[in-house]
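This report concerns only the one structure given below.
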Amino acid sequence: MHDERPAPAAEDRGGKRASGPAAHPAGHFGAPRTDTRSRAQKVALELFAEQGYEKTSLREIAERLGVTKAALYYHFKSKEDIVHSFTDDYFAEIDALLEWARERPRTRREILDRYVGIVIAGSEVFRFVEQNRAAMQTMESGKDRFVRFRGRLEALVDLLAGPDAPLRDRARATTAVLSVGATCILYLQQVDDPDKLRAIILEIATDLIH
């Protein structure tokens, strides 16, 4: 049984809006500011997956992209900048979701459905982070990633359970949100039909907050 009730009204306690235009799902997190930026992100992910983050250089990314290193440097000054852009795009997507959910009453299922879509669209980035944990932890962005996510997580929980909900309801909403990412990472590469997996994850996450 699916929850079609409007989500409880929530206070704006987290999810500060990122600078720049709101993003929309496209390949991975966010709409590119330019096509070259988006292509550079895609190529970088491919090379990071093939030979590892540490062994990949900006020169190699530029060569596969078919541009000069100077042209790539216009968008990204370093590999770390590219990784930062993945995080920034993800948080921009979450901020856009929070803003969209606050514009007018939405059902819990609608909110979760959009969140599941964001996570599935960014599955390659999640795998990259998982496979390169050591390198990620040395970066400044790696150190504050959870701090930045925590405020947005609390804002999502407020929308799903209500800002004054009892601990049990907030814990269930938190479990629903966190389970989405873990399930996508584990199963997305094992299925032929991502839409089927999305429907299953959405159904389970919705059931968790009943």
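The values are calculated or read from the model by the stated rules, or taken from the named source; none is laboratory data. Since this is a predicted model, take the numbers as computed values, not measurements. Positions of Cβ are backbone-derived with ideal geometry, glycine not excepted, and every protein chain shown enters the neighbour counts.
For this structure, a couple of remarks:
- Val129 being within 18 Å of Ser85 (Cβ to Cβ) and touching a residue at least 60 places away in the same chain (Cβ under 8 Å): no
- When residues of region 59-90 are limited to those that are farther than 16 Å from Thr36 by Cα and of a type in the set (Ser, Thr, Tyr), the one modelled with the highest pLDDT: Tyr90
- Only one of the listed residues (Ala182, Ala173, Ala161) is in contact with a Leu (Cβ under 7 Å, 6 or more places away or on another chain) and closer than 17 Å to Arg114 by Cα. That residue is Ala173.
- Restricting region 97-128 to residues that are of a type in the set (Ser, Thr, Tyr) and assigned to a helix (DSSP H, G or I), the residue that is nearest to Glu50 (Cα to Cα): Ser123
- Boolean, Tyr74 is over 30 Å from Ala155 (Cα atoms) and of a type in the set (Ser, Thr, Tyr): yes
- Helices (runs of 4 or more DSSP H) fully within region 129-210 counting 1 or more residues that are surrounded by 15 or more Cβ atoms within 10 Å (Cβ to Cβ) and in contact with a His (Cβ under 9 Å, 6 or more places away or on another chain): 140-161, 167-187, 194-208
- Arg37 vs. criteria at pLDDT 95 or above and either outside any loop (DSSP other than H, G, I, E, B) or within 28 Å of Tyr115 (Cα to Cα) (or both): no
- Filtered residue count, region 76-96, keeping only those that are free of Cβ contacts under 8 Å to residues at least 40 places away in the same chain and either part of a helix (DSSP H, G or I) or within 28 Å of Glu110 (Cβ to Cβ) (or both): 2
- Scanning region 82-100 for residues that are out of contact with any helix residue (DSSP H, G or I) (no Cβ under 8 Å at 6 or more places or on another chain) and either more than 22 Å from Leu159 (Cβ to Cβ) or surrounded by fewer than 21 Cβ atoms within 10 Å (Cβ to Cβ) (or both) yields Asp88, Glu99.
- Of all residues making up region 41-67, the number that are in a helix (DSSP H, G or I), touching a residue at least 60 places away in the same chain (Cβ under 8 Å) and buried (at least 17 other Cβ atoms within 10 Å of the Cβ): 2
- For Thr56: the one exception among (1) modelled with pLDDT under 90; (2) polar (S, T, N, Q); (3) in contact with a helix residue (DSSP H, G or I) (Cβ under 6 Å, 6 or more places away or on another chain): (1)
- Failed criterion for Ala70 (all others in (1) touching a Leu at 6+ places or on another chain (Cβ under 6 Å); (2) exposed (fewer than 15 other Cβ atoms within 10 Å of the Cβ) hold): (1)
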